[in-house]
Amino acid sequence: MHTPAITGTGVFTPENTISNAELVAAFNAYVDLYNADHAADIAAGRLAAKEYSSEEFILKASGIQQRYVIDKSGILDPHVMHPLLEQRADEAPSLMAEMGLDAARKALAEAGKTATDVDLVICAASNMERAYPAVAIEIQELLGVQGFAFDMNVACSSATFGIQAAADMIRSGSIRGALVINPEICSAHLEWRDRDCHFIFGDVATATFIERAKAASGAFFEVKSTRCATVFSNNIRNNNGYLRRSRPAGMADRRDMQFMQNGRKVFKEVLPMVSDHIAAHMAAEGVAADDLKRLWLHQANKTMNDFIGRKVLSRTPKAHEQPNILQDYANTSSAGSIIAFSKYSSDLTEGDTGLICSFGAGYSVGSVVLQRHG
Ligand code: COA
């Protein structure tokens, strides 16, 4: 048996940001165009007029102040309202592979390792750019890794489920090192014309390098244990669409193929599931609230994270104990908790314990108990 450890992480952050002010200005311009185009139907009561979005609502409901995106021009053009992502030639690297590669190289550099130390690449994300060949195999090829690779999808929990799969293989001895990569092009499956959700997501890619603790070349986080759980729910869903011959009544163009959620229900159902999951995992590991130096949570909503932090610690966590990055990145699906871990973990010292927890569609929840060494 080997002890698995996280020895490096990397974050690819796109160049473009969209502030709430820019987002709302574009959305409201689209609303004006829509209402003018449908003025007769709206006046006759056949169609509801669309309502403006508001910066105040977005900040209060979510805590999000801006998001990073691969393409800004299409999203902010009220005549387009989606990212303009070029169709690439089959020979060119896919967008997910390109983003993931950048994050993977950073993770390996932080660990002081190279492609020869990697036996497995997992591309774990919410939305795959294509069904096959696996994006993970493309990243494996671009990195020059021997061994094997596969894609996995557990929506927002993909990173922690991927870490569990990799850590278990390292523990058993079947691999030496693994990259768990989370490229999230959330902007392409978000309906930017729906004010209930147009502010929620951003694009990013993260990578986590896990290897045998004894192979670590510097400070590392021992993976003490992992715990995953799923319970089926339709409250966060999209439909791939290729099996569908006709659209459900009243469903406009691609809406059912994009992100859909019943946000209120998600809030009510996922909060107790996550709090109970973390409490049970900590109890099983003998980790008391006072022992926990840091909580790196999934980054969907600030109110949600504040609630979970209070439940887990039985008090209001200090900002540094439960760092949020969603104000800058918005919800980046599986990558969120790893961004928080990557940016806010290097100050922990020998013996400190922390916990990564992701949660989301499925429903799914995954947690990883870590201990700092070195
Ligand atoms: N601007 C202004 N008003 C808006 C708006 C916007 N962009 N979007 C919605 N509203 C309105 C609604 O129409 C509603 O009006 P009403 O009260 O007249 O019906 C009101 O604001 C409240 O909307 P609601 O959707 O109930 O807000 P909320 O407080 O539940 O916050 C979410 C919405 C999505 C931010 C919140 O439910 C959430 O974060 N849920 C969990 C999401 C999650 O974790 N998902 C996982 C994804 S991986």
Given the condition within 21 Å of the chain's Cα centre (by Cα), within 16 Å of the ligand (Cβ to nearest atom) and surrounded by fewer than 23 Cβ atoms within 10 Å (Cβ to Cβ), answer yes or no: does some residue in the stretch 131-152 qualify? no
Given the conditions (1) closer than 24 Å to K60 by Cβ; (2) more than 15 Å from the ligand (Cβ to nearest atom); (3) among the acidic types (D, E), every one holds for D290 apart from (1)
Residues within the stretch 158-188 that are over 20 Å from I338 (Cα atoms) and within 13 Å of the chain's Cα centre (by Cα), tallied: 0
With (1) over 28 Å from A125 (Cα atoms); (2) free of Cβ contacts under 8 Å to residues at least 60 places away in the same chain as the list, and K72 as the residue in question, which single condition is left unmet? (1)
Exactly one of (1) buried (at least 24 other Cβ atoms within 10 Å of the Cβ); (2) without any contact (Cβ under 8 Å) to a residue 24 or more places away in the chain is unmet by N234. Its number? (1)
Filtering the stretch 296-352 down to residues that are over 18 Å from L370 (Cα atoms) and of a type in the set (D, E), which residue is modelled with the lowest pLDDT? D306
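Within the stretch 166-187, is there a residue that is at pLDDT 95 or above, in a helix (DSSP H, G or I) and at positive phi?
Scanning the stretch 166-187, I find no residue that is at pLDDT 95 or above, in a helix (DSSP H, G or I) and at positive phi, so the answer is no.
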From C228, C186, residue being under 30 Å from E51 (Cα atoms) and not hydroxyl-bearing (S, T, Y): C186
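The values are calculated or read from the model by the stated rules, or taken from the named source; none is laboratory data. Only a predicted model underlies this, so the values are computations on that prediction, with no experimental measurement involved. A quick note on method: Cβ atoms are made from the backbone with ideal geometry, for glycine too, and the neighbour counts reach across all protein chains shown.
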